[in-house]
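I have placed the structure first, in the form of structure tokens, so that the comments after it can refer back to it.
Please treat every number below as a calculation from the coordinates, not as lab data. Fair warning: this is a prediction, and the values are worked out from it, not measured in the lab. Here the Cβ is made from the backbone with ideal geometry for all residues, glycine too, and neighbour counts use every protein chain on show.
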Amino acid sequence: MSSLTLYFHTLRHLRPVQIAARAWSRLYRPLPDLRTAPPARPASARYVAPIASAASLLAPEVFVLLNVERRCAVASDWRPSDAPKLWTYHLHYFDDLNAHDAHSRIAWHENLLTRWVAENPPGEGEGWDPYPVSRRIVNCVKWAMRGNALPVSVQTSLAVQTRWLAQRLEYHILGNHLFANAKALLHAGLYFEGAEAARWYARGMRVLEREVREQVLPDGGHFELSTMYHAAVLEDLLDLVNLLIAYGREPPRDWIAAITRMRVWLKMMSHPDGGIAFFNDAALGMSATFAELEAYALRLGLPATRDTASRVVILEGSGYVQARTAAAYLVCDCAAVGADYLPGHAHADALSFELSLGNRRVFVNSGTSQYGTDAERQRQRGTAAHNTVVVNAHDSSEVWAGFRVARRARVKLRSVTTTPSAVIIEASHDGYRLLPGRNKHRRRWILEEHALHIEDEISGTFATAAAYFHIHPDVDARLHSATEVFLACDGQTWRVVFAGASAIELRSGTWHPRFGVTVPNSCIVASFASALLVTGVFWALP
């Protein structure tokens, strides 16, 4: 496909504000406003301990970020030429200010904060991009509200950074980036006093009032449909409620309602091991777990999330379906790529699924270990990295250039039914409609007490079609016969049987549970002999 066609089918979904804001951000070059900072508001004793992330500062000048360790000892180390942009961004976030045991590193933090101000001139370098500025402002305010005193130079810089951010809100991206920008304006607007701080606060509230309604779907899912970013935005909302209560402000009722829905959604989309399911950009360790977020909500006085006894939960607004038995946890992807104008974190994973048996993940999507635009990023976003069907070696949606999507699969959840013995979920997508056979993929999951049956049907003619089943690294897999694969873990054995396959292969693959981490695993690839492939996964209760 030509670059022109890719660009057309990508750009046609953008909102006019994104196009105009991108042009404006390239042309507009504001000068940093170096005026004296407004006075700080007295600290509030009502501030509740926020979520503590994992420590990332190993020594006064040694960071481990995204599972990569590097030194930051001199000014040039803030702008490493040989590090991925995401690593550099994390260096400038200062998440360690509020990490586990942060109180034991206060002297290190004070030194790094004053160094950052001295070695990062206003407006220069990636540390002054709007997103890291937003994350850093919030971390500095949190640190101060937990009883620490910002050095005078840092407090002055905090006001300069907020003025800079206020001129560069990320309307060209929208989504979680704009949410983070507004969150930072609120934190600065309440940390400082005076008319200027009041303007920051008011602007942040205007943005958030609109974005909460836009970004949190009726079923509680975040509209970018990444479980990882969902958890991050939920933490953002909890932080904002914490901030408002600490300063005697009443959190908006629709924020509380959104938080309630988001907590339920995240619980449904978390495996029995407590970690998120891997749909779209997702990895462990990049955002808080459901348990951490739930504990934070309870500290803020919000009611506990209720358990559901339902065998099946339809997250209709976002397009996921979760089903359970005594032994099995199944979550099915019947979702679109995300918001039409913001699919940057989307994968070509239509009709994929993940399955846990007991507390053990068995079938897993491949996860996310990096951003960027290289071949590995493309592979991880591609259809073959997920538990779904590939036709003619094509992706179901045209993912490209790291964060872009051109033509997209249109997914339809056709039915969800329950019988005394099973939950039956049926969905389809037309992501292969542009192939010569104008193919459609229709999948049915039938979850029983001791088995999962998957029926895959491809309409139209095709040269090749194959179903991929990625297996968790802790699960051993071996071919048992021409139609069977045995899986084993923790003394249990599960049987996977294929009907309608021309060949079954057991391939070497990789799983990416965290950024910067690659773990070898196995992948079953079942090629279609005809239009229909039926897969059965069988287990016994412990």
* To do: Can you grab the distance from the C-alpha centre of the range 32-88 to the C-alpha centre of the range 339-383, Å, no decimals?
  => 29 Å
* Mind sorting 47, 131, 191 by how few other Cβ atoms lie within 10 Å of their own Cβ, fewest first? => 47, 131, 191
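Which FRET efficiency value, to the nearest 0.05, is calculated for residue 433 and residue 379 with the Förster distance at 22 angstrom and r the Cβ-Cβ distance?
Working: r = 23 Å, r/R0 = 1.06.
Efficiency, from the Cβ-Cβ distance: 0.40.
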* Asked: Here are several values of Rg and Dmax of the Cα atoms in Å: (1) 25.2, 90; (2) 24.3, 75; (3) 22.4, 68. Which one was derived from the coordinates shown?
  -> (2)
* To do: Check the straight Cα-Cα distances from residue 440 and name the aspartates and glutamates below 17 Å, setting aside those fewer than 8 residues away within the same chain.
  => 333, 349, 395, 398, 426, 430, 455, 456, 457
* To do: Quick one: of 183/412; 267/412; 183/267, which pairs are farther than 32 Å apart, Cα to Cα?
  => 183/412
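What's the FRET efficiency of residue 33 with residue 118 using the Cβ-Cβ distance as r and R₀ = 22 Å, to the nearest 0.05? Don't skip to the end; give the middle numbers.
Numbers: r = 19 Å, r/R0 = 0.85.
With a Förster radius of 22 Å, E is 0.70.
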* Asked: How big is the gap, in Å, between the Cα center of the range 165-217 and the Cα center of the range 261-287?
  -> 26 Å
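Given 0.36 nm per residue, what is the gain on full extension from residue 7 to residue 110 after removing their alpha carbon distance, in nm? Before the final figure, lay out each step's value.
On the way: separation 103, 0.36 × 103 = 37.08 nm, distance 4.60 nm.
Extra length available between residue 7 and residue 110 comes to 32.5 nm.
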* Structure fact -> Cβ density ranking, 10 Å radius, fewest first, applied to 476, 219 yields 476, 219
